[in-house]
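Student: Please find one structure pasted underneath; my questions will follow.
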Amino acid sequence: MGKVTGFLEFERTDRKYAPVEERLRNYREFVLPLPEGDLKQQAARCMNCGIPYCHTGCPVNNQIPDWNDLVYLDDWKTAAQNLHSTNNFPEFTGRVCPAPCEEACTLNLEDNPVTIKTIECAIVDRAFEQGWVRPEPPVHKTGRRVAVVGSGPAGLACAQQLARAGHEVHVFERHARAGGLLRYGIPDFKLEKHLVERRVAQMEAEGVAFHYFAHIGSNVPARELIDTFDSVVLAGGSEKPRDLPIPGRELAGVHFAMDFLPQQNRRNSDETQHVTPILATDKHVVVIGGGDTGSDCIGTSARQGARSIVQLEILPRPPEKADKLLTWPNWPAKLRTSSSHLEGAQREFSVLTEKFSGENGQVKKLHCVRVDDTMKPIPGSEFALDAELVLLAMGFVHPVKEGMLAELGVALDPRGNVLADTESYRTSVDKVFTAGDMRRGQSLVVWAIREGRQAARAVDEFLMGASALPR
Ligand SMILES: Cc1cc2nc3c(=O)[nH]c(=O)nc-3n(C[C@H](O)[C@H](O)[C@H](O)COP(=O)(O)OP(=O)(O)OC[C@H]3O[C@@H](n4cnc5c(N)ncnc54)[C@H](O)[C@@H]3O)c2cc1C
Ligand code: SF4
């Protein structure tokens, strides 16, 4: 513990955002890093608790008090080594993780958790600036070949771990570029894509081969991978969106969020796309669904110049503050206001959408009713919203079953995800493993990284009989 009285001396200070009018002019990141002096003070607030509750919140088991201490002591290089020992991609989590570690931090009992995520991001950003992050190719090759399907955070983490263990790793991705939802789902204003490219370049230098436009189960038979590799890891994400089958769903202008968001990410990266543009410019936009994806639709619509943006959520408005005695150190239900919400969206809770109506085949209105806490419509509370673009952001139900999963015949769990436990990560098909959203269902980047790392260890054990990769 660097400074014993740090938590008494220094208040929590966190990164600020660039002003709304400035950040809406472009798609660049707008979170302003803390100056070095402030970072060291924030790190000094960590109490190095006897039981570090922050650990209970962190899926990748980051050694948070250790690197807080190292930052306070100005040993950034060792802090970066420590951080990378548990997390392949802290520059992603340092930007987009909802930071369950901060909810679990002991100082959060007083609403003042250590700024763990900000410190994490500062460590890894400095490590790249200083050239401390280099390719780590293996010293010995095993001669074993592994195919990883999907290049989201789970596939990338798995591939990097396996390549470092000496295996010949091939990543198969159906899209033009790597990253999964890091590249095509999460907007640039939360995560600029050169950060993904930088890791892909590191992995290529470590020996990982990336094959793009390789849609397994479609233009590349899944059987081909089984026949030519010693092991196969399925990390294809949970891509089947939840639909809203109400009258008028067929009208033009009603789209899934994941038809809308990737278009803008591709535009920002000058990636060729042959699609009818879906744009919010000058439109009344309604976003249905109150989670991260919905927020990203709001921020993207605002940057495209929407006339108005309303976000609807069927659940009641959560409390402003968590009841700590009931929830800490677990993830609490409380009202979360994202940077996109602050850019000018109207939020409505306890609203059920009943039907869309339109003119000439184009959606014009969304008809809704308010519901009580049991989700029953309240008579007389019906209302209509102007809606020229409706974005459905109600989550994902399970992986796409047609194609690869059907061809392989892997067993699914009752929710429709690929069945595998968290010890072996093995599917019902011999030598086939799975990780990330494809196994656990729609989740978070940090969980995908954890699953990718653990699945890599399981594959390494399967191939070699034992593994030196971290558990
Ligand atoms: C819009 C949006 C915003 C989000 N924001 C956040 C956030 O801010 N913070 C956070 O922690 N989480 C966020 N999430 C969740 C997070 O992105 C996912 O949990 C995470 O990316 C899952 O990683 P994954 O590697 O399992 O799958 P994915 O990232 O979905 O990657 C799967 C990859 O597999 C490829 N693939 C699928 N099938 C095949 C096939 N048959 N052949 C070849 N390739 C295939 C896909 O093209 C894709 O590239 C968000 C999700 C969405 C949709
Ligand atoms: S719970 Fe908070 S104060 Fe305690 S060790 Fe973790 S980060 Fe530091």
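The values are calculated or read from the model by the stated rules, or taken from the named source; none is laboratory data. Everything numeric in this text was worked out from a predicted model, so none of it was measured. Cβ: placed from backbone, ideal geometry, glycine included. Neighbour counts: every protein chain shown.
Student: Return only the number of the condition from (1) away from ligand 1 (no atom under 14 Å from the Cβ); (2) of a type in the set (A, V, I, L, M); (3) more than 25 Å from Tyr17 (Cα to Cα) that Ala159 does not satisfy.
Tutor: Unmet for Ala159, out of (1) away from ligand 1 (no atom under 14 Å from the Cβ); (2) of a type in the set (A, V, I, L, M); (3) more than 25 Å from Tyr17 (Cα to Cα): (1).
Student: What are the residues in the stretch 87-111 that are away from ligand 1 (no atom under 16 Å from the Cβ) and more than 21 Å from Ser338 (Cβ to Cβ), if any?
Tutor: The answer is Thr106, Leu107, Leu109, Glu110.
Student: Under 8 Å between Cβ atoms, which residue pairs at least 6 apart in sequence (or on different chains) link something in the stretch 383-397 that is modelled with pLDDT of 95 or more with a partner that is within 16 Å of ligand 1 (Cβ to nearest atom) and of a type in the set (S, T, N, Q)?
Tutor: Leu389/Ser301; Leu391/Ser301; Ala393/Thr293; Gly395/Thr293; Gly395/Gln442; Phe396/Ser238; Phe396/Gln442; Val397/Ser238
Student: Pairs under 6 Å by beta carbon, first residue within 17 Å of Met394 (Cβ to Cβ) in the stretch 298-313, partner of a type in the set (D, E, K, R) and surrounded by fewer than 24 Cβ atoms within 10 Å (Cβ to Cβ), six or more apart or different chains?
Tutor: Gln311/Arg347; Leu312/Glu348
Student: Counting just the residues of the stretch 308-348 that are crowded, with 21+ Cβ neighbours inside 10 Å and in a loop (DSSP other than H, G, I, E, B), which one comes out nearest to the chain's Cα centre (by Cα)?
Tutor: Within the stretch 308-348, the match that is nearest to the chain's Cα centre (by Cα) is Ser340.
Student: Scan the stretch 12-35 residue by residue and report those that are under 19 Å from Trp67 (Cα atoms) and touching a residue at least 60 places away in the same chain (Cβ under 8 Å).
Tutor: Arg12, Thr13, Asp14, Arg15, Pro33, Leu34
Student: Still on this structure, I have one more. May I ask you to list the residues in the stretch 108-154 that are of a type in the set (Val, Ile, Thr) and over 30 Å from Phe7 (Cα atoms)?
Tutor: Correct list: Val133, Val139, Thr142, Val146, Val148, Val149.
Student: Same structure again: Just need a number here: residues in the stretch 267-293 that are buried (at least 17 other Cβ atoms within 10 Å of the Cβ) and within 24 Å of Ser443 (Cβ to Cβ).
Tutor: 6
Student: Turning to a different aspect of this structure: Working carefully through the options Gly94, Gly50, find the one that is free of Cβ contacts under 8 Å to residues at least 24 places away in the same chain and either near ligand 2 (Cβ under 10 Å from one of its atoms) or assigned to a helix (DSSP H, G or I) (or both).
Tutor: From the options Gly94, Gly50, the qualifying one is Gly50.
Student: Take residues that are basic (Lys, Arg) and tell me which of the strands (runs of 3 or more DSSP E) falling wholly in the stretch 357-406 contain 2 or more.
Tutor: In the stretch 357-406, the matching strands (runs of 3 or more DSSP E) lie at 362-370.
Student: Ok, one more. Only one of these is surrounded by 15 or more Cβ atoms within 10 Å (Cβ to Cβ), of a type outside the set (D, E, K, R) and not in a helix (DSSP H, G or I): Val429, Val446. Name it.
Tutor: Within the list Val429, Val446, the selection yields Val429.
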